[in-house]
Amino acid sequence: MVKSTKAVAAPASDSEPIPGMKRLAPEQREQQIVAKAIEHFTRHGFSGSTRELAREIGVTQPLLYRYFPSKEALIDRVYSEVFSWRPTWETVLTDRSIPLAARLVSFYSDYARVILREEWIRIFIFAGLTREGINNTYLSKLRSKVFLPVLAEIRHEYGIAAPVGAAELEPEIELVWALHASIFYLGVRKWIYGLKIPKDIDGLIETKVAAFLHGAPRVMADLRKG
């Protein structure tokens, strides 16, 4: 689980700067460290010592520790910075004054602009491979704030009864996972495999949502019959 961390108290100005390093206000230096750490973790993952990390970032190790008392604290800060969550997404998904297809297209178009970035995709993959459990909070939020509301809206739109127990709910969750993963996988194709992806992401999302709504409600209704 990603824990909320705060930087330790920093001096009024940088001390022990490395030769040629510009002095910055504490807030500026902290943000610079976070930005460079994001670049480092995007390229190399989370391996390496804090000494190596400080060198890559361009600060001394003691200065790094003044802002972040441990490597874990810096990783937590990077994680919270990269994987930000927009509260408006939940509002868009549940606004029944707008057609369901339009809501899904609006949400996933905006969501794609957030996640289809190199740092988002690569850090998420590195985290899943090497930082056991760190992605759990984000994935739990995805389930509660996106998957379950989307399923509730489909049931309302198509007059499908609510599931009784996990045996009926989990297959529905997998239907939304299929849509969601197809959009996430665009980032994997681009930033992990180095493959080209379509330029018109919004148009592609419209197609994916149309296919999802063409099939998912029927499958959900069949699950109730089954």
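The values are calculated or read from the model by the stated rules, or taken from the named source; none is laboratory data. Note that the structure is predicted; figures quoted are calculated from it, not measured. Reconstructed Cβ throughout: ideal geometry from the backbone, glycine too, with neighbour counts over all protein chains shown. These area figures cover heavy atoms from the full protein model, side chains too; ligands, DNA and RNA do not enter into them. Shrake-Rupley method; radii C 1.70, N 1.55, O 1.52, S 1.80 Å.
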**Report entry** Filter result for TYR185 (touching a helix residue (DSSP H, G or I) at 6+ places or on another chain (Cβ under 6 Å) and among the hydroxyl-bearing types (Ser, Thr, Tyr))
**Finding:** no
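Give the residues of the range 1-46 that are assigned to a loop (DSSP other than H, G, I, E, B), closer than 29 Å to TYR138 by Cα and at pLDDT 50 or above, sorted by residue number.
Once the filter is applied, which keeps residues that are assigned to a loop (DSSP other than H, G, I, E, B), closer than 29 Å to TYR138 by Cα and at pLDDT 50 or above, the range 1-46 yields GLY45, PHE46.
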Query - When residues of the range 84-97 are limited to those that are in contact (Cβ under 8 Å) with a residue 40 or more places away in the chain and surrounded by fewer than 19 Cβ atoms within 10 Å (Cβ to Cβ), the one farthest from VAL34 (Cα to Cα) - result: ARG96
Query raised in the report: Does any residue of the range 45-55 turn out to be closer than 30 Å to ALA152 by Cβ and either without any contact (Cβ under 8 Å) to a residue 12 or more places away in the chain or open to solvent by 60 Å² or more (accessible area, probe 1.4 Å) (or both)?
Result: no
Query raised in the report: Residue check, ALA181 against (1) under 13 Å from the mean Cα position of the chain (by Cα); (2) surrounded by 14 or more Cβ atoms within 10 Å (Cβ to Cβ), all met but one. Which one?
Result: (2)
Requested in this report: Please enumerate the residues belonging to the range 22-42 that are open to solvent by 50 Å² or more (accessible area, probe 1.4 Å) and in contact (Cβ under 8 Å) with a residue 40 or more places away in the chain.
Outcome: GLU39
Query raised in the report: Can you pull out the residues in the range 56-71 that are touching a residue at least 12 places away in the same chain (Cβ under 8 Å) and either in contact with a strand residue (DSSP E or B) (Cβ under 8 Å, 6 or more places away or on another chain) or assigned to a helix (DSSP H, G or I) (or both)?
Result: GLU56, ILE57, PRO62, LEU63, LEU64, TYR65, ARG66, TYR67, LYS71
Query raised in the report: Does ALA166 count as exposed (fewer than 15 other Cβ atoms within 10 Å of the Cβ), over 22 Å from ASP95 (Cα atoms) and either touching a residue at least 40 places away in the same chain (Cβ under 8 Å) or of a type in the set (A, V, I, L, M) (or both)?
Result: yes
Query raised in the report: Filter the range 103-152 for residues that are of a type in the set (Lys, Arg) and part of a helix (DSSP H, G or I); which is nearest to LYS190 (Cα to Cα)?
Result: ARG122
Query raised in the report: Which one of these is within 30 Å of LEU74 (Cα to Cα), open to solvent by less than 50 Å² (accessible area, probe 1.4 Å) and of a type in the set (Val, Ile, Thr): VAL150, VAL188, VAL105, VAL176?
Result: VAL188
Report task. Being open to solvent by 60 Å² or more (accessible area, probe 1.4 Å) and part of a helix (DSSP H, G or I) is the filter; apply it to the range 153-163 and report the residue that is farthest from LEU93 (Cα to Cα). Result -> TYR158
Query raised in the report: Which one is farthest from the chain's Cα centre (by Cα) among residues in the range 108-141 that are open to solvent by less than 50 Å² (accessible area, probe 1.4 Å), within 19 Å of GLU72 (Cβ to Cβ) and among the β-branched types (Val, Ile, Thr)?
Result: ILE134
